[in-house]
Amino acid sequence: MKEHSRGVRACPSGSRRGRPSSLTAIAAVLAAALCLPGLCRGEPATGLARGQFISGTYSPQQHAFIGPVVFVNDAVGARIFYNSGLYGGSTVIGNVEAGYIWDGHEVFNRAALGMGNAVEKKVAGTGVAGEYDFHATMVGHVLAGTGYVAATGSTSAGYTYTGMGMAPQARLWSGAIATAFSTSTASVGSFDTTPASTISVYRQFFQGISGTACDVINSSFGGDDTAATDPEYVALDALAFQNPRVTFVAAAGNSGTAAVGAPGAGYNGITVGSVGGTGFRTPSDFSSRGAVDFYNPATNSTVTGVRAAVDIAAPGEPGEQGYLAAYLGPTGGLVPRTDLTQNPSPTDLYFTNMDGTSFAAPTVAGGVALMKDAAKGIWFVPDTAFDARVVKAVLMATSARTEGWNNGQSLVNGVVRTTQALDWATGAGALDLTAAGFTYVNGATMDVSGTGGGSIGTNGWDLGSVGLGGHADYTFSATLSGPTELQVALDWFAAGAFSNATDTGTRNAFANLDLQVWSVVNGAFDTLVAESLSTYNNEEFLRFMLPHAGLYGLRVSLPGMLYDIGSTPVTSETYGLAWNTVIVPEPSAAAIAACGIVLAVAAASRRLTSRATRE
């Protein structure tokens, strides 16, 4: 039996929407009680995002306490989808955590939209009671809260943008895996699991229930397994490998300079760190980082501190996540605080100033749902767009540089080279859904014909394949003028097998792919310009300024395998590749901003009915 913690740090205040009362004090005390020693910064809010609901007059006193309004969805570029009427309505998001998302909270009410409750299914693992839990409820709000506000006084009920989760029309599946919750006030929210309690839920979410599988799965918890060798995480990677249309997202954890634990330390998902500060570009000091371990099942040996676990980062700091749906019922992680729980739990209370990678991860997972929702409504987007390797590569290749970003690149004999691939704290960088949306469904190249390279435009992606000992070449079809920054991301799966009969997984093979950028002369790859050559990652990444205007090409190669112990020898590897070129503008041109960006989608409008909010 394992003990887990959640990727959340609770900070000191709580509030009920527009109604100062004794319940406000209860929420405040509860939030303070959730601060584990050394984990809560205790800072006042400097801004807010989803979950801040205002009814009636928005007083100066409220504004003085809250600070400037920040809509996190906009900060990460989600409005490019909303402006096209895309809110995740064609997708299913699974959330696997200790307990269930509490569907009784007002943020999950969709009756006025002619839809059922946001939480469509609840699935408990073997030996799990399946209790509602405060943490899962907050995460569910980030994933798919509608922003619904019940009627108050003279103010009618309605929906707000500022209270809206990332994909507010997605269908939520809630998975519960905790066999027991902590009964100690010193470890509120911690919980125990077993392989049996965990694997069966992931199996159903990956493989499907009644013919429907999740489009994306989020998990905002973690343990101390930095090599991801525990049975449930080997099984999770195997399920992801066998079900590539399902994207798995995990929180990096909140241990600061300590390494990421599983499931974030696994291979076949997207692990998310936290950023805050101005523009959400500063790595959060609490966000787990550094190198994790690599286990080789062929030699039964572990190489310590060699692999980058964090793939990308998203907002997860206090104030920026603002107010999140509060479950105060006497079940789940609040069991130690029976003096603070309420039965029944009020439906309109919100935690304030919550921070942690717990909320960064569902921001990315909700973004994935928006991307897949867009792809489902556009006839010319290839079916390969739904592959998790493509989704991950696009998110990484379109990410924004974070403060102090460093993936170990250096100039060696005129060649930009990295053996690290990713920044330890933020991976490829900060989530940018505007750039990701354009590249994903409007890219100049969307899946090159065949599987082995070809001619490409200035931005795009490919689901390709490379043979053992060979390479696949991609050549830009036009000259890249300068000054141009090029971002390229490559990722692939650690191969595995999952047995439904035993609910167990194995790791069978691990390919060592490399990524290079070349100067092209007369149609031939002439001079090596940059390369990412990490050994133990299943991602490669480059971000650099091209040395001059000219023709360039990308090369993906497979020089060998780190291990191959499956029943059938590996002779080729499937990968996701994405690239994005950005012409760096002159200072005067940089000041020009585009407004009201809309994706060129051929999809029916699914716009939320919204009412004005005071910000």
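Whose amide H sits under 5 Å from the amide H of THR226, counting only residues 5 or more places off or on another chain, with H placed in the peptide plane?
ALA262
Straight distance only, please: which aspartates and glutamates reach the Cα of LYS122 with their own Cα at less than 12 Å, same-chain residues fewer than 8 apart left out?
Partners found: GLU97, ASP103, GLU131.
Please order SER90, SER219 by the number of other Cβ within 10 Å, starting at the fewest.
Values: SER90 19, SER219 31.
Least to most surrounded, the residues fall as SER90, SER219.
Neighbour counts of other C-beta atoms within 10 Å: give me LEU370, LEU528 arranged from fewest to most. Let's see the in-between values first.
Working: LEU370 30, LEU528 16.
Going from least to most buried by this count: LEU528, LEU370.
Give me a comma-separated list of calculated 3J(HN,Hα) values for region 116-131, in order, Karplus coefficients 6.51, -1.76, 1.60 applied at θ = phi - 60°, integers in Hz, x for any Gly or Pro.
Once θ is set to phi - 60°, the couplings for region 116-131 become x, 4, 4, 7, 8, 9, 10, 10, 9, x, 5, x, 10, 6, x, 9 Hz.
Amide H neighbours of GLY276 under 5 Å, at least 5 residues apart or on other chains, H built in the peptide plane: list them.
ARG281, THR282, SER284
Please report the spacing between the Cα centers of region 303-358 and region 429-452 in Å, no decimals.
If you average the Cα positions of each part, the centres end up 32 Å apart.
Order of VAL335, VAL275 from fewest to most other C-beta atoms within 10 Å? If you can, show how the numbers build up before the last one.
On the way: VAL335 19, VAL275 30.
Listing VAL335, VAL275 from fewest to most nearby Cβ atoms yields VAL335, VAL275.
Where does the charge balance sit around THR475 when Lys and Arg score +1, Asp and Glu -1, over other residues with C-beta under 14 Å from its C-beta?
Details: positive: ARG555; negative: ASP462, ASP473, ASP526.
Result for the neighbourhood of THR475: -2.
Every read-out reported here was derived from the displayed coordinates using simple, explicitly stated rules and does not represent laboratory data. Please read all numbers here as calculations on a predicted model, not as lab measurements. Because the Cβ atoms are built from the backbone with ideal geometry, glycine has one as well, and the counts that use them run over all protein chains shown.
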